[in-house]
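Read through the structure below, which is laid out as structure tokens, and then see the notes.
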Amino acid sequence: MAPDQAAADSHHSHDITVIVNEKPVGPFHTDDVTGAEIKAAAGLDPNSDLFEKRGTDLVPVENTQHVEIHQHEVFVDFPPTPVS
């Protein structure tokens with residue numbers, strides 16, 4: 001295996017823990033996950049709205065959207081609004 005390939009493989013094989021609603025979630029064994037995978041690992045309602053916190057901004061993360069996660073990256077969710 002070429003050194004560049006080994007470095008790329010090791011980059012994707014370490015365990016990553018993210019923070020969802022102020023609680024650690026993981027470990028994830030890859031840095032490429034979907035919004036649905038983050039919600040499932042956190043035990044969230046799959047219909048909730050998930051957001052990635054970037055500074056003071058909240059960036060929406062869709063269920064099918066792939067996200068490159070980093071150690072201790074922060075996410076928050078908002079439960080779905082009940083329909084009357």
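None of the figures in this text is laboratory data; all of them are computed from the coordinates on show. This one's a predicted model, so the numbers in the text were calculated from it and none came from an experiment. FYI the Cβ positions are ideal-geometry reconstructions off the backbone, even for glycines, and counts take in every protein chain you see.
So the values come out like this:
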| read-out | value |
| --- | --- |
| Set of the stretch 14-32 residues, backbone N closer than 13 Å to the point 7 Å along the Cα-Cβ line of Leu58 | 21-22 |
| Residues Lys39, Lys53, Lys23 arranged by fewest to most Cβ contacts within 10 Å | Lys23, Lys53, Lys39 |
| Packing-based ranking, highest mean first, of 32-38, 77-83, 60-66 given that Cβ atoms within 10 Å are counted | 32-38, 60-66, 77-83 |
